[in-house]
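Right, one structure below, let's go through it.
Readers should treat all values here as calculations from the given coordinates under stated rules, not as data from a laboratory. Since we're looking at a predicted model, the values are computed, not measured.
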Amino acid sequence: MNKIVLGLIVANLLASVKGFQDQYFFDKYKFQVGKILNGEKVRMVTSGFLHADWVHFGFNMYALYLFGRIVGYNFSDVNFLLIYFGSLLTGSMYSLYQNKNDYYYSAIGASGAVSGVVFSAIMLYPQETYSFMFFPFIEFPGYVLGVGYLLYSIYGMKAKLGNIGHSAHLGGAIGGFAITLLLMPSVFYNDPTVITIMGAIIVGLLVFGDKLDNL
């Protein structure tokens, strides 16, 4: 396993266990709109290392392991960290923007950062197929996963589907997409059609996203 991926998993483990055991620590560092708008910007990063329970932690770290090793193989340690923390920040910023009028909105989890890593891996190998623990006999091409993930997250955010931070997922995916293109523009030629479609969905979300509620 890439040492940076391992280090991030360990950091998430230590912070999450501390949060499980210490409610004050958990409340102090979770994402909460009102606290962030009042100056506690550090929550936009620290919340990405807290998790609700072991299942939440396990899902995020499994995805980080699965896709992080792909990204880590293709990027330097510094650039991998840029993708991870850049996606964490864009996920937090997009979530803050979408929920800015709800001062009590709170969230936790590495999903934003992990979404960015997932999208980076998809852009590197859009034709690669993936199977998951709940669907071990079904393989999904990367481009299907990427487009489907974007569309589902947009729907989930607008429909407020489940107790899931869809806006953080979207923001993280946008960050991973943009940062990967900036660091390695040649990924566009891995599959120009797929990259263009994902880019068009992202641009459409950013430009017209606020109008979806009126449809």
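Here are the numbers:
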| item | result |
| --- | --- |
| Under Karplus coefficients 6.51, -1.76 and 1.60, residue-wise ³J(HN,Hα) of segment 57-73 in Hz, glycine/proline x | 4, x, 4, 5, 6, 4, 5, 5, 5, 5, 9, x, 5, 5, 5, x, 6 |
| Surface/4 of the Cα convex hull for segment 1-74, nm² | 5.4 nm² |
| Value of [θ]222 nm, deg cm²/dmol, for the chain, DSSP H segments ≥ 4, -39500 (n - 2.57) each, nearest 500 | -22000 deg cm²/dmol |
